[in-house]
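Asks: Next up is a structure, given as structure tokens.
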Amino acid sequence: MKNRVKTPQEVKGILERQSYIASTQIATIVYLAIQMQRPILIEGPAGVGKTELAKALSQALAVELVHLQCYEGLDETKAIYEWEYAKQLLYTQMLKEKINELTAGTQDLNEAVERIVAVENAFFSKNFLVARPLLKAITLGRPNVLLIDEIDKADPEFEAYLLEVLSNYQITIPELGTIEATSIPLVFLTSNNTRDLSDALKRRCLHLYIDFPSNELESEIVRKKYPTLNKEMVAKMVAAISKIREMDLKKLPSIAETLDWAQSLIALQSTRLGKEELETTLGVIAKYQADAKQILEKAEELLAG
Amino acid sequence: MIFLVREFCNALKQEGLMVPTPSLNFALEAVSHIDPLSPLQFRSALEAALVQRAAERELFEQVFHRFFIEQQPLVYATENQLFKANLKDFTQEIKKEGTAVNHILADYLEGDARALLEELYIEGVEPDQPVPLEEFKEQKKAASKLNSRKREQLRNRVKVLIELAEDFSARSFHLQREKREKLADYLRQRLLEALEMLEKQSQPKGRRNLMPWEKKRTLSTLSFAQLTEREAQRVKEEVEVLAHKLQDSLSRKRRKANQGHMDIKKTLREATPYGGIPFQLHWKKPAKTKGKIVALCDISSSVSYAAQFMVLLLYKLQNRFSKIRTFVFVRQSYEITRFFESYPLEQAMLRALKEYKIGMGQPSNYGLSFQSFRAKWEQILTPDTTLLILGDGQNNFNEPQVEHFEALTKKAARTIWLNPEEEKFWYSASNSIRHYQPFCDELVECATLDQLTEFTRSLVL
Ligand SMILES: Nc1ncnc2c1ncn2[C@@H]1O[C@H](COP(=O)(O)OP(=O)(O)O)[C@@H](O)[C@H]1O
Ligand SMILES: [Mg+2]
């Protein structure tokens, strides 16, 4: 993938073609991750485009996206690999006769078990192995983007596995031995900072903190998605949103909310943004009743020039 | 640029941010991929490599701003008034000549780079205000035509200033050696960086990804004292290559040795009185192994790299000598031979340091070190021994105790002193080398890989 892009500017360009508007900072760090073959750890508030960045980049580079969504209790069988129990069982049924032959003439249970153990390899082969995202990404055989989304939701123990995979790009399966990577994925980790990640994992990564966007950047994002909205309207929306983000709310609106808001305003066929329009569409921006109330109280200030 | 990034990391450390060496290397690698003339790219690369927690971002930004935008270099924050005053002296001297170019550079050295950057058409870019690419190119083209003459002038001026700066800092005798070096370092690095910027601007586009400062830091001529950790690693590899080469030419020589060959020097020397016509050819005797080596190395931190490289080289060539014994000192001499016999270089050094609890950071004391060496090991110096001293002679105003050194040299066949410090620093007040010099057969500057190579050749070939 190193040769696909030659400058951060180019990264910006190919992302924009996927409707992802990247700041110079984002483009630079993505560029570095590609050149240095290092994972990126993206942090920042919800809805600022962390997940979307990995998706857009995989499309921009025309490579597969391997997505691992983390959650509490995520374990190896969902993240790395799993034996296909049902298939193993099915084969055992189908091969019943063979197994009978094998154990024929044995004196006791122990002896029978020993004979089966001697051939158990047949059932722990790649035929019965289901590759989960981590294994898949490194054995795909072609470049890909591996998105490990919301890593902070997984248990700390899982980080240890992950670190091992990201350091050596190989996975050891006790029954099969070590599987080496046939492709080095471009790795994106995202985190909402609900807990601190281990220092070891952090040290391996380039860090990207995506904050709420500047007004200019956010206007661009909105206009890219909704080109029919007029410029003044977009400017006014974005200005209001950025002021709302300075308020003391339970949940601050992010880019996702701004985009939803734009869509609602289009649906209403509004041509202007006044207190009335704000009130009708408020539910899109404010998820909590208390927040909505605060916003409405400040409506005039928010919508002023 | 390496210097700059390193200093920046020091500034971060001063503010309490952890920057372990791997992070520093990570940062250096990162900036090598981007366009360092784009402030935003530069900052992003550093931030991505150095800031590990969201909470540290603000601090990073503050320090970055102070260091790169306001250009308050670290020395300003930490050095005393004297340093500032000397810097000022220098810039005043430059300004006296009065041309605009000199003023620009003087300001730059004092920490105000605006005028220089303006010349280069590097403007403070508004964050994330996309300039259409075409427009940008046009602007740049126009700018570069307009200024190419002035830039040429600047470039030449910077080159002259680099030399002036060396002179100036070498002459600042009222400063301690350490301070003087810092001043010299600071001036040189700042000027080299200015030169890089100037040259980078006039380079053809295709070379954007090259690191110009890498090119300038030619390992073989770079003083050991200035090496970064990564460079030191590379020099070590070079030393191993060098050892191989020497081994090769040695074994070739040995094969030839059975035939013997002409001693050109001797033949010509004797031919001189006869108008250069050689009446008698002298033949060299077949090469044998040289005698015993006793190496005594100063490992106080300022010169420790040089000691490591030399020791590494000696051991790679150990079959050339009947025996090598290695000693190190800061304030006392310790034998560390046995560590080298059982461990690779770095480990051997570490184990030795640990076992003897040698504090490399202490100021060295040559007098005490020679005295303690003599008391214990004088008898190992035999008529076939080459005594190698490696050190800068920086005795920190301690008593040189010349009599001990003299006694040692009398016992050895010859004494060669390798000095990893550039010659112009040899004779400062705190330095004792002038006391020891009369008893050495040779005193050689050995500050770079090239010099080390040359010396080793002469030793073993
Ligand atoms: N820079 C951007 N350019 C275009 N769309 C964006 C950008 N940032 C965010 N978005 C939009 O915002 C929405 C939320 O982004 P998402 O990646 O899900 O947020 P996160 O993962 O940070 O919580 C996405 O649907 C995406 O379309
Ligand atoms: Mg997400």
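What follows is calculated from the coordinates using simple rules that are stated; it is not laboratory data. Quick caveat: nothing in here was measured; it's all calculated off a predicted structure. We place every Cβ from the backbone using ideal geometry, glycine too, and count neighbours over all the protein chains shown.
Asks: Report D for segment A:177-260 in µm² per second (integer): Stokes-Einstein, Kirkwood Rh on Cα pairs, 10 °C, 1.306 mPa s.
Replies: Taking Rh from Cα pairs, D becomes 98 µm²/s.
Asks: Next question. Calculate the mean, over all residues of peptide B:33-44, of how many other protein chain Cβ atoms lie within 10 angstrom of the residue's Cβ.
Replies: Numbers: counts 8, 7, 4, 0, 0, 5, 1, 6, 10, 1, 3, 12.
Across the residues of B:33-44, the mean count of other-chain Cβ atoms within 10 Å is 5.
Asks: OK, next. Mind checking which aspartates and glutamates have their Cα closer than 18 Å to the Cα of B:Lys316? Skip sequence neighbours fewer than 8 apart in that chain.
Replies: B:Glu237, B:Glu238, B:Glu240, B:Asp248, B:Glu341, B:Glu346, B:Asp450, B:Glu454
Asks: How much length is gained on full extension from A:Asn127 to A:Asp196, taking 0.36 nm per residue of separation minus their Cα-Cα distance?
Replies: Working it through step by step, the gained length comes to 21.0 nm.
Asks: Want the number for A:Glu164 to A:Glu52: 0.36 nm per residue separation, take away the alpha-carbon distance, what's left?
Replies: Working: separation 112, 0.36 × 112 = 40.32 nm, distance 2.60 nm.
Additional length available on full extension: 37.7 nm.
Asks: Kindly state, to the nearest 0.05, the FRET efficiency for A:Glu246 paired with A:Leu268, given R0 = 22 Å and r defined as their beta-carbon distance.
Replies: The pair A:Glu246/A:Leu268 has a calculated efficiency of 0.25.
Asks: Moving to a separate point now. For segment A:250-298, what is the Kirkwood hydrodynamic radius in Å, using each pair of distinct C-alpha atoms?
Replies: 11.0
Asks: A further question follows. Be a star and scan segment A:42-61 for residues whose amide nitrogen sits under 11 Å from the point 7 Å along the Cα-to-Cβ vector of A:Lys287.
Replies: A:46-47
Asks: Counting only residues 5 or more places away or on other chains, whose amide H sits under 5 Å from the amide H of A:Val66 once H atoms are built in the peptide plane?
Replies: Amide H to amide H, under 5 Å and 5 or more residues apart or across chains, A:Val66 pairs with A:Val145, A:Leu146, A:Leu147.
Asks: List, in order, the whole-Hz ³J(HN,Hα) value for each residue of segment A:127-144 obtained from phi through the Karplus relation with A = 6.51, B = -1.76, C = 1.60 and θ = phi - 60°; use x for Gly and Pro.
Replies: Along segment A:127-144, the couplings run 4, 10, 9, 9, 7, 8, x, 4, 5, 4, 4, 8, 10, 5, x, 9, x, 7 Hz.
Asks: Within a 10 angstrom radius of each residue's Cβ in A:29-36, how many Cβ atoms of other chains show up on average? Whole number is fine.
Replies: 5
Asks: Quote the FRET efficiency, to the nearest 0.05, computed for B:Asn319 versus B:Glu166 with a Förster distance R0 of 45 Å and r equal to the Cβ-Cβ distance.
Replies: 0.60
Asks: Next up: Counting only pairs 8 or more residues apart or on different chains, how many lysine pairs in segment A:6-108 have their Cα atoms under 27 Å apart?
Replies: Value for segment A:6-108: 9.
Asks: Let me ask something additional. Can you run phi through the Karplus equation (6.51, -1.76, 1.60; θ = phi - 60°) for segment A:192-200 and list ³J(HN,Hα) in whole Hz, with x for Gly and Pro?
Replies: 9, 6, 6, 8, 7, 8, 5, 4, 4
Asks: For segment B:290-460, give me the percentage of DSSP beta bridges that are antiparallel, rounded to the nearest 5 percent.
Replies: Antiparallel: roughly 15 percent of the beta bridges in segment B:290-460.
Asks: Still on this structure, I have one more. State the extension gain, in nm to one decimal, for the chain segment bounded by A:Lys231 and A:Ala304, taking 0.36 nm per residue of separation less the distance between their alpha-carbons.
Replies: Extending this stretch completely gives an extra 24.7 nm.
Asks: Viscosity 1.002 mPa s, temperature 20 °C: Stokes-Einstein D of segment B:296-355 from its Kirkwood Cα radius, in µm² per second? Don't skip to the end; give the middle numbers.
Replies: On the way: Rh = 11.6 Å.
After rounding, the answer is 185 µm²/s.
Asks: Same structure again: Once amide H atoms are built 1.01 Å from N in the peptide plane, which residues 5 or more positions from A:Ile173, or in another chain, come under 5 Å H to H?
Replies: The list, which skips near neighbours in sequence, is A:Thr178, A:Ile179.
Asks: Separation between the B:Gln92 and A:Thr178 pseudo-spin-labels, each 7 Å from Cα along Cα→Cβ, expressed in nm?
Replies: 6.6
Asks: Based on the Cβ-Cβ distance from B:Ala407 to B:His103, what FRET efficiency comes out when R0 is 60 Å, to the nearest 0.05?
Replies: 0.55
Asks: Something else about it: Once the convex hull of the alpha carbons of segment B:290-460 is built, what does its volume come to per residue, in cubic angstrom?
Replies: Convex hull volume per residue, Cα atoms: 101 Å³.
Asks: Here's a follow-up. Which whole-Hz ³J(HN,Hα) couplings does segment A:247-264 yield from phi under the Karplus relation 6.51 cos²θ - 1.76 cosθ + 1.60, θ = phi - 60°, glycine and proline marked x?
Replies: Working through the residues one at a time gives 7, 8, 10, 5, 9, 7, x, 10, 4, 4, 5, 4, 5, 4, 4, 4, 5, 4 Hz.
Asks: Now a separate question. Mean separation of Cα pairs under 8 Å and 6+ residues apart, divided by the residue count of segment B:290-460: what relative contact order is that in percent?
Replies: So the answer I get is 22 percent.
Asks: I want to verify a result. In a Gaussian network model of chain A, Cα cutoff 10 Å, which of these has the top mean-square fluctuation: A:Leu166, A:Leu109, A:Leu268?
Replies: Sorting by GNM fluctuation, first place goes to A:Leu109.
Asks: If each of B:Glu355 and A:Lys96 carries a label point 7 Å out from its Cα toward its Cβ, how far apart are those two points in nm?
Replies: Between B:Glu355 and A:Lys96, the simple spin-label model gives 7.2 nm.
Asks: Under the √(5λ) rule applied to the eigenvalues of the Cα gyration tensor, what semi-axes describe the equivalent ellipsoid of segment B:2-74? Give them in Å, descending.
Replies: Here the semi-axes work out to 16, 14, 12 Å.
Asks: How big is the equivalent ellipsoid of segment A:204-305 along its three axes, where each semi-axis is √(5λ) from the Cα gyration tensor, reported in whole Å from largest to smallest?
Replies: Square roots of five times the eigenvalues give 22, 18, 12 Å.
Asks: When only alpha-carbon atoms are used, what values of Rg and Dmax, in angstrom, describe segment A:124-169?
Replies: Rg then Dmax for segment A:124-169, in Å: 12.1, 33.
Asks: On average, how much area does the Cα convex hull of chain A cover when viewed from any direction, in nm²?
Replies: 20.8
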